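Accompanying notes for the structure given below.
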Amino acid sequence: MHLRILLGILLSQFISAAVCAQTIVDFGRDVQPILESQCLKCHGPEKAKNDFRVDDALSMSFYVEPGDLESSSLWTDYLTTEDASLTMPPAAHDRPAGLPAADLAIMKLWIEEGANFEWIAAQPPTESTGETPAEPTAETPPLSMASKLWLFHGLFHPASTHFPIALLSMSMVFLALSFYGGKPLESAAFHCLWVGALSAIPACVMGWAYAAHEGYGNPFSLNFLHSGIDRHRWLGIAVTVFAVLLIPIARSAIKQESFRKKLTWFGCVCVLALGTSLVGFQGGELVYGEGHYVEEYEKLFPAGQAAVEAPKSDAPKSVAKQD
């Protein structure tokens with residue numbers, strides 16, 4: 001009798017484990033075709049933007065947390081984000097940005113079921129037929145030489161932006177010091193201003209090409225509330241235009257030796273430095289993800305860490321006198 005009960009318990013546990021082990025989504029059948037058709041062109045062995053490959057288990061593990069949607073940045077930051085500039089796949093001439101609803105449902109269920117990853121490589125040619133599986137043909141025509149050069153020069157944008165940022169920031173510093181140090185520092189502030197302003201122009205042009213290379217959408221979009229690329233792009237252009245317009249004001253302040261104009265110049269260059277900082281902040285979030293700085297701050301300075309509790313004493317501070 002006891003043996004039959006024991007066997008029954010073991011059998012029920014085995015059946016329960018078998019049922020739990022079953023999954024609805026099969027990676028090779030359901031998920032891999034989505035990644036191949038929607039992601040592999042930009043995140044595959046031939047071209048891996050931001051060093052991310054959808055056909056590599058290690059690379060995917062940095063973006064997918066098995067069984068946890070909220071901790072999977074692939075889902076929260078790229079597939080379902082409200083930021084149109086980060087939505088993947090990006091918009092194309094024949095379709096909007098993002099995955100179709102059916103594909104999103106499959107990706108969601110795949111992550112929730114444990115994100116099993118077993119990429120099936122393309123089969124080599126068979127000896128009998130000598131044929132290889134058909135590869136998807138590109139829908140877009142090949143790029144012209146001018147288009148290739150345009151996209152290539154945009155790759156220098158991340159490096160080129162540091163030069164005008166440094167010069168415009170130092171212009172504010174030198175001008176502030178010139179109130180105590182005199183003409184030499186004032187001259188240094190002016191030269192940092194005009195060189196930084198003029199060098200910001202090609203940096204903006206490179207940024208326009210770099211955005212196209214990275215697959216961002218409409219370059220003339222004005223969706224400032226939900227698009228990080230729009231905020232970064234147009235604020236950068238505004239800062240550049242403002243810096244160029246500030247050059248004659250600074251020149252006039254130096255030639256006329258007008259203290260009032262110098263104060264105007266100083267106020268404008270402070271606004272310029274603030275705008276430059278905001279442009280850099282937006283650029284950092286585009287590279288590392290929206291909310292990156294906040295997340296890193298919270299990791300380094302947890303909310304409860306700053307509160308230092310005073311040592312408690314077992315004895316009361318005062319004892320009421322008893323009659």
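The values are calculated or read from the model by the stated rules, or taken from the named source; none is laboratory data. The shown structure was predicted, so the numbers you read here are calculated from the model rather than taken from an experiment. Every residue, glycine among them, receives a Cβ derived from its backbone with ideal geometry; neighbour counts consider all protein chains shown. Surface accessibility is based on the protein's heavy atoms, side chains included, excluding ligands, DNA and RNA. Shrake-Rupley method; radii C 1.70, N 1.55, O 1.52, S 1.80 Å.
Scanning region 31-45 for residues that are open to solvent by 10 Å² or more (accessible area, probe 1.4 Å) and small (Gly, Ala, Ser) returns a single hit, Ser37. Condition first: part of a loop (DSSP other than H, G, I, E, B) and of a type outside the set (Val, Ile, Thr). Can you find one or more residues in region 175-197 that meet it? There is at least one residue in region 175-197 that is part of a loop (DSSP other than H, G, I, E, B) and of a type outside the set (Val, Ile, Thr).
Only residues that are outside any loop (DSSP other than H, G, I, E, B) and under 13 Å from the mean Cα position of the chain (by Cα) were counted in region 52-78, giving 5.
Here's the yes/no breakdown for (1) farther than 22 Å from Glu290 by Cβ; (2) buried (at least 16 other Cβ atoms within 10 Å of the Cβ):
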site: Ala200; (1), (2): yes, yes
site: Leu235; (1), (2): no, yes
site: Pro248; (1), (2): yes, no
site: Cys268; (1), (2): yes, yes
site: Val271; (1), (2): yes, no
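Can you spot a residue in region 178-188 that is open to solvent by less than 50 Å² (accessible area, probe 1.4 Å), farther than 25 Å from Lys49 by Cα and at pLDDT below 90? Within region 178-188, one or more residues are open to solvent by less than 50 Å² (accessible area, probe 1.4 Å), farther than 25 Å from Lys49 by Cα and at pLDDT below 90. I'm checking my understanding of the structure. Among residues of region 66-87 that are surrounded by fewer than 19 Cβ atoms within 10 Å (Cβ to Cβ) and under 25 Å from Gly228 (Cα atoms), which one is modelled with the lowest pLDDT? My answer is Glu82. Is it the case, given these coordinates, that Leu168 is under 18 Å from Ala200 (Cβ atoms), at pLDDT 85 or above and out of contact with any His (no Cβ under 7 Å at 6 or more places or on another chain)? Against the criterion (under 18 Å from Ala200 (Cβ atoms), at pLDDT 85 or above and out of contact with any His (no Cβ under 7 Å at 6 or more places or on another chain)), Leu168 qualifies.
Taken as a whole, the structure leaves Glu285 outside the set of residues that are of a type in the set (D, E, K, R) and open to solvent by 50 Å² or more (accessible area, probe 1.4 Å).
Cβ-Cβ distances below 9 Å connect the following pairs, each with a first residue in region 238-255 that is at pLDDT below 95, a second residue that is surrounded by fewer than 15 Cβ atoms within 10 Å (Cβ to Cβ) and among the aromatic types (Phe, Trp, Tyr), and a separation of six or more residues or different chains: Ala253/Phe259. With the requirement that a residue be open to solvent by 40 Å² or more (accessible area, probe 1.4 Å) and under 18 Å from Ile34 (Cβ atoms), what does region 49-60 give you? Correct list: Arg53, Asp56, Ala57.
Does any residue of region 138-146 turn out to be in contact with a Phe, Trp or Tyr (Cβ under 9 Å, 6 or more places away or on another chain), assigned to a helix (DSSP H, G or I) and modelled with pLDDT of 85 or more? No, region 138-146 contains no residue that is in contact with a Phe, Trp or Tyr (Cβ under 9 Å, 6 or more places away or on another chain), assigned to a helix (DSSP H, G or I) and modelled with pLDDT of 85 or more. Looking across region 88-119 at every residue that is surrounded by 15 or more Cβ atoms within 10 Å (Cβ to Cβ) and without any contact (Cβ under 8 Å) to a residue 40 or more places away in the chain, the one that is farthest from Val25 (Cα to Cα) is identified as Gly98. Listed by first and then second residue, the pairs linking a residue in region 190-208 that is over 25 Å from Glu257 (Cβ atoms) to a residue that is among the basic types (Lys, Arg) and buried (at least 22 other Cβ atoms within 10 Å of the Cβ), with Cβ atoms under 7 Å apart and 6 or more places separating them unless they lie on different chains, are Gly207/Arg233. Leu193 meets the conditions (1) under 27 Å from Leu149 (Cα atoms); (2) in contact with a Phe, Trp or Tyr (Cβ under 9 Å, 6 or more places away or on another chain); (3) open to solvent by less than 80 Å² (accessible area, probe 1.4 Å) in every case but one. The failed one is (1). Of the residues Ser227, Ser221, the single one that is of a type in the set (Ser, Thr, Tyr), open to solvent by less than 50 Å² (accessible area, probe 1.4 Å) and farther than 23 Å from His162 by Cα is Ser221.
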